[in-house]
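J.: Questions regarding the structure given below will be posed in turn.
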Amino acid sequence: MLRSLLLAAAGSDRLGRLAGSAPLGRNAVRKFVAGRDADEALRTGRTLADDGLAITFDHLAAETRSAEQAVAVRDEYRALLGKLKGAGLAPAAEVSVKLSALGQRLDEKLAYEHAQAVCAAAAEAGTTVTLDAEDHTLTDSTLEILADLRKDHPGTGAVLQAYLRRTEGDCRELATSGSRVRLCKGAYAEPESVAFQSPLDIDKSYVRCLNILMSGEGYPMIATHDPRLIAIAEDRARWFDRTADEYEFQLLYGVRTEEQARLAAGGNVVRVYLPYGEQWYGYLMRRLAERPRNAAVLGRGLVGR
Ligand SMILES: Cc1cc2nc3c(=O)[nH]c(=O)nc-3n(C[C@H](O)[C@H](O)[C@H](O)COP(=O)(O)OP(=O)(O)OC[C@H]3O[C@@H](n4cnc5c(N)ncnc54)[C@H](O)[C@@H]3O)c2cc1C
């Protein structure tokens, strides 16, 4: 119930505008968001890299409703990638991109062209792009654009969501040589017709998908904070004789930081998903929906205590 409310709040423009006017410098927001702009994010990224962590930067943008907004997002990523190169953070740092922010809901061809430009900038900077997964109405289109992008940029990463019933099949399709695939549970409110609903069914699906990816030819990126799933992934890595450079763990900035350090100290590649930007509100609400007990911490932070 609370999760549904928080997910609904995540999509509310009105609440987003209200929250956007609150100062970001509060501790609670800073716990999960690297800063308002690329320079602040790069400073945080540098600290993480110095701690031996890899990074994927995510620019938090408002929902793209015009071609001009899509161009602005493309240009933000191109500028970020230029700065990454200048700061010597590539290839330890890559970027995560939402195709919807590049105009996917307006015109798929436009989104593809913008994504192609971002991938070219990433290649120039010596790093890669991963296409975030969004709600299920975009899954087919996203996987089609991914296939097109991979013709020129085979390192482009996919994201699959274990809560979707289709995802085992998608894992089989994508577990090919060199294919980077992030596996997460899924963060959107999805109907029963397309998605498992109970945490147990989602976890079981996650393990089935993990088995396919870890036994396949690709490069699995295990994105979860769930201790049981992390332990199963560690087990599968041993079982399928994967060396530490043949898979990675991914966790969100500010979540289970001790676990991030433990995994990295154990010789694993650990990539931190590092969001930044003015539009932090929807992102934060989705994190709260996953763990409502953080709401009290956030509430105190927003009023500056
Ligand atoms: C790197 C990364 C990238 C992602 N990309 C996408 C994407 O592109 N598309 C998408 O839909 N979703 C994405 N997600 C979000 C994902 O789908 C889940 O919504 C989110 O990760 C929560 O699921 P979980 O696997 O962490 O486990 P949960 O079911 O949320 O938590 C399981 C257990 O993990 C532990 N845990 C979780 N959070 C905390 C915490 N804050 N502190 C302490 N323990 C905690 C607890 O033991 C909890 O019981 C991404 C997640 C990560 C980590």
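J.: For the stretch 259-269: of the residues being in a helix (DSSP H, G or I) and more than 9 Å from the ligand (Cβ to nearest atom), which is nearest to Y188 (Cα to Cα)?
T.: Initial filter on the stretch 259-269 (in a helix (DSSP H, G or I)): 259-265.
The next check asks that each one be more than 9 Å from the ligand (Cβ to nearest atom); those that pass are 260-265.
On the way: Q260: 24, A261: 28, R262: 29, L263: 27, A264: 29, A265: 32 Å.
Here the residue is Q260.
J.: Please pick out the residue among D201, D235 that is assigned to a helix (DSSP H, G or I), at negative phi and surrounded by 13 or more Cβ atoms within 10 Å (Cβ to Cβ). Break it down stepwise before answering.
T.: Details: D235 fails: surrounded by 13 or more Cβ atoms within 10 Å (Cβ to Cβ).
Only one candidate passes the filter, namely D201.
J.: Between A244, A233, A264, which is closer than 21 Å to D50 by Cα and without any contact (Cβ under 8 Å) to a residue 40 or more places away in the chain?
T.: Exactly one of A244, A233, A264 is closer than 21 Å to D50 by Cα and without any contact (Cβ under 8 Å) to a residue 40 or more places away in the chain, namely A244.
J.: While we're on this one: So, in the stretch 124-156, of the ones that are β-branched (V, I, T) and within 18 Å of L110 (Cβ to Cβ), which residue ends up nearest to the ligand (Cβ to nearest atom)? Write out each step before concluding.
T.: Initially, the stretch 124-156 is screened for residues β-branched (V, I, T), giving 127-130, 137, 139, 142, 145, 156.
If we keep only those that are within 18 Å of L110 (Cβ to Cβ) too, we end up with 129, 137, 142, 145, 156.
Working: V129: 12, T137: 13, T142: 10, I145: 14, T156: 14 Å.
Among those residues, the one meeting the criterion is T142.
J.: Say we look at the stretch 286-298 and pick out the residues that are under 15 Å from the mean Cα position of the chain (by Cα) and more than 15 Å from A61 (Cβ to Cβ); which of these is modelled with the highest pLDDT?
T.: First, the residues of the stretch 286-298 that are under 15 Å from the mean Cα position of the chain (by Cα): 286-287, 290.
Within this subset, residues satisfying the condition of being more than 15 Å from A61 (Cβ to Cβ) are 287, 290.
Details: R287: 82, E290: 79.
Ranking the candidates gives R287 first.
J.: Do we have V272 as aliphatic (A, V, I, L, M), buried (at least 20 other Cβ atoms within 10 Å of the Cβ), within 24 Å of T47 (Cβ to Cβ) and within 16 Å of the ligand (Cβ to nearest atom) here? So that I can check it myself, show each step before the final result.
T.: On the way: aliphatic (A, V, I, L, M): yes; buried (at least 20 other Cβ atoms within 10 Å of the Cβ): yes; within 24 Å of T47 (Cβ to Cβ): yes; within 16 Å of the ligand (Cβ to nearest atom): yes.
Yes: the conditions hold for V272.
J.: Does M221 meet the test of being farther than 19 Å from A187 by Cβ, crowded, with 22+ Cβ neighbours inside 10 Å, at pLDDT 95 or above and not charged (D, E, K, R)? Explain how you work it out, then say what you get.
T.: Working: farther than 19 Å from A187 by Cβ: no; crowded, with 22+ Cβ neighbours inside 10 Å: yes; at pLDDT 95 or above: yes; not charged (D, E, K, R): yes.
Spelling it out, it is not the case that M221 is farther than 19 Å from A187 by Cβ, crowded, with 22+ Cβ neighbours inside 10 Å, at pLDDT 95 or above and not charged (D, E, K, R).
J.: Here's a follow-up. Could you grab the pairs with beta carbons closer than 7 Å, sequence gap of 6+ or different chains, first residue in the stretch 173-192 and under 23 Å from V269 (Cα atoms) and part of a loop (DSSP other than H, G, I, E, B), second one away from the ligand (no atom under 16 Å from the Cβ) and hydrophobic (A, V, I, L, M, F, W, C)?
T.: The qualifying pairs are A175/I212.
J.: What number goes with the only condition from (1) at pLDDT below 95; (2) crowded, with 18+ Cβ neighbours inside 10 Å that P91 does not pass?
T.: For P91, the exception is condition (2).
J.: Related question: Starting from residues that are away from the ligand (no atom under 16 Å from the Cβ) and touching a Ser or Thr at 6+ places or on another chain (Cβ under 6 Å), keep the ones in the stretch 201-248 and report whichever is nearest to G266 (Cα to Cα).
T.: This residue is F240.
J.: While we're here: For the structure I just gave you, tell me whether G254 is surrounded by 20 or more Cβ atoms within 10 Å (Cβ to Cβ) and within 20 Å of L131 (Cα to Cα). Steps first, answer last, please.
T.: Values: surrounded by 20 or more Cβ atoms within 10 Å (Cβ to Cβ): yes; within 20 Å of L131 (Cα to Cα): no.
In short, no.
Here is a yes/no grid of residues against (1) out of contact with any Lys or Arg (no Cβ under 7 Å at 6 or more places or on another chain); (2) within 17 Å of G282 (Cβ to Cβ); (3) touching a residue at least 24 places away in the same chain (Cβ under 8 Å):
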residue	(1), (2), (3)
L48	yes, no, yes
T56	no, no, yes
R65	yes, yes, yes
R74	yes, no, yes
L80	yes, no, yes
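The values are calculated or read from the model by the stated rules, or taken from the named source; none is laboratory data. What you are looking at is a predicted structure, and each value in this text was computed from that prediction instead of being measured. FYI the Cβ positions are ideal-geometry reconstructions off the backbone, even for glycines, and counts take in every protein chain you see.
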